[in-house]
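Visitor: Take this structure first; my questions come after.
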């Protein structure tokens, strides 16, 4: 597939794994309003492709996936335009959070502010050993907002407070220890590790995986009893696809 737009370069593997590479946004892949709109548009276009079983998001170059939001643009904002700007970032993060197939963030170098919020909205985060993470908004006079709200769910309230209130930078090992990322590998092994996880996801039943992602998203917000009860109908509906019958029979056949 050619470039979807100025900021989205997409490649498709034969196994249902797609990769969207963020490009033409500077060395650190900084998001201004145009880049955010293009990236959201690209993700929403790919969301309509039922053949995608896993989506990898990477940044061009090796300095970051997304370094953060554009301070040059933010410095010119007033109250109204600031709300418009942050709504654009909110909508981008929601696009990846609601993407029907699992999304893997490939993390190199800097992952700051809005870049970390976007990464938190992805389903899985695989980082190279050189990755650095921070929520530095308070250093430039603004609060951390929108999908920073996911951080307490990922790393707990104490560590989320530390990250947001001190604006401290943590390394990849600390991020792994905190649960902010799911895997840390040597720089040279990053692409292989990402590909391995994507392939494992793609090998599973695609409808089951999409149902599972939707359930996980709902579990984030629903009380426990509602989450449990909601799951019953989703479980039953999964048998309409034929996937359980095929996969279970294949499992039984292998045991013969």
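Visitor: Name the one entry in 58, 82 that is over 19 Å from the mean Cα position of the chain (by Cα), assigned by TED's automatic domain parsing to the domain that holds residue 192 and not in a loop (DSSP other than H, G, I, E, B).
Guide: 82
Visitor: Test residue 124 against the criterion of being in contact with a strand residue (DSSP E or B) (Cβ under 8 Å, 6 or more places away or on another chain), closer than 27 Å to residue 44 by Cβ, buried (at least 23 other Cβ atoms within 10 Å of the Cβ) and in contact (Cβ under 8 Å) with a residue 12 or more places away in the chain, and give yes or no.
Guide: When the stated conditions are applied, residue 124 does not pass them.
Visitor: Answer yes or no as to whether residue 82 is over 30 Å from residue 212 (Cα atoms) and buried (at least 23 other Cβ atoms within 10 Å of the Cβ).
Guide: no
Visitor: Residues being farther than 17 Å from residue 151 by Cβ and in contact with a strand residue (DSSP E or B) (Cβ under 8 Å, 6 or more places away or on another chain): count how many of those fall in the range 93-109.
Guide: 8
Visitor: Against the definition (surrounded by fewer than 24 Cβ atoms within 10 Å (Cβ to Cβ), within 14 Å of the chain's Cα centre (by Cα) and part of a helix (DSSP H, G or I)), how does residue 95 come out, yes or no?
Guide: yes
Visitor: While we're looking at this one, here's another question. Restricting the search to the range 162-182, which residues are surrounded by fewer than 19 Cβ atoms within 10 Å (Cβ to Cβ), under 17 Å from the mean Cα position of the chain (by Cα) and at negative phi?
Guide: Those that are surrounded by fewer than 19 Cβ atoms within 10 Å (Cβ to Cβ), under 17 Å from the mean Cα position of the chain (by Cα) and at negative phi: 176, 182.
Visitor: Right, something else. Looking only at the range 127-161, which residues are on the phi > 0 side of the Ramachandran plot and either in contact with a helix residue (DSSP H, G or I) (Cβ under 9 Å, 6 or more places away or on another chain) or crowded, with 23+ Cβ neighbours inside 10 Å (or both)?
Guide: Listed by number, the residues that qualify are 146, 156.
Yes or no, residue by residue, for (1) within 22 Å of the chain's Cα centre (by Cα); (2) loosely packed, with under 15 Cβ neighbours inside 10 Å; (3) closer than 19 Å to residue 100 by Cβ; (4) in the same structural domain as residue 147 (by TED's automatic domain parsing):
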{"site": "210", "(1), (2), (3), (4)": "yes, no, yes, no"}
{"site": "218", "(1), (2), (3), (4)": "yes, yes, yes, no"}
{"site": "228", "(1), (2), (3), (4)": "no, yes, no, no"}
{"site": "234", "(1), (2), (3), (4)": "no, yes, yes, no"}
{"site": "240", "(1), (2), (3), (4)": "no, yes, yes, no"}
{"site": "248", "(1), (2), (3), (4)": "no, yes, no, no"}
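Visitor: Then there's this: Considering every residue within the range 45-60, establish whether at least one is out of contact with any helix residue (DSSP H, G or I) (no Cβ under 7 Å at 6 or more places or on another chain), modelled with pLDDT under 95, within 29 Å of residue 203 (Cα to Cα) and surrounded by fewer than 16 Cβ atoms within 10 Å (Cβ to Cβ).
Guide: No, the range 45-60 contains no residue that is out of contact with any helix residue (DSSP H, G or I) (no Cβ under 7 Å at 6 or more places or on another chain), modelled with pLDDT under 95, within 29 Å of residue 203 (Cα to Cα) and surrounded by fewer than 16 Cβ atoms within 10 Å (Cβ to Cβ).
Visitor: Do we have residue 222 as outside any loop (DSSP other than H, G, I, E, B), free of Cβ contacts under 8 Å to residues at least 12 places away in the same chain and more than 28 Å from residue 129 (Cα to Cα) here? Even if it seems obvious, please write down each step before you answer.
Guide: Numbers: outside any loop (DSSP other than H, G, I, E, B): no; free of Cβ contacts under 8 Å to residues at least 12 places away in the same chain: yes; more than 28 Å from residue 129 (Cα to Cα): yes.
No, not satisfied.
The values are calculated or read from the model by the stated rules, or taken from the named source; none is laboratory data. The shown structure was predicted, so the numbers you read here are calculated from the model rather than taken from an experiment. No Cβ is skipped: glycine too gets one built from the backbone with ideal geometry, and neighbour counts run over all protein chains shown.
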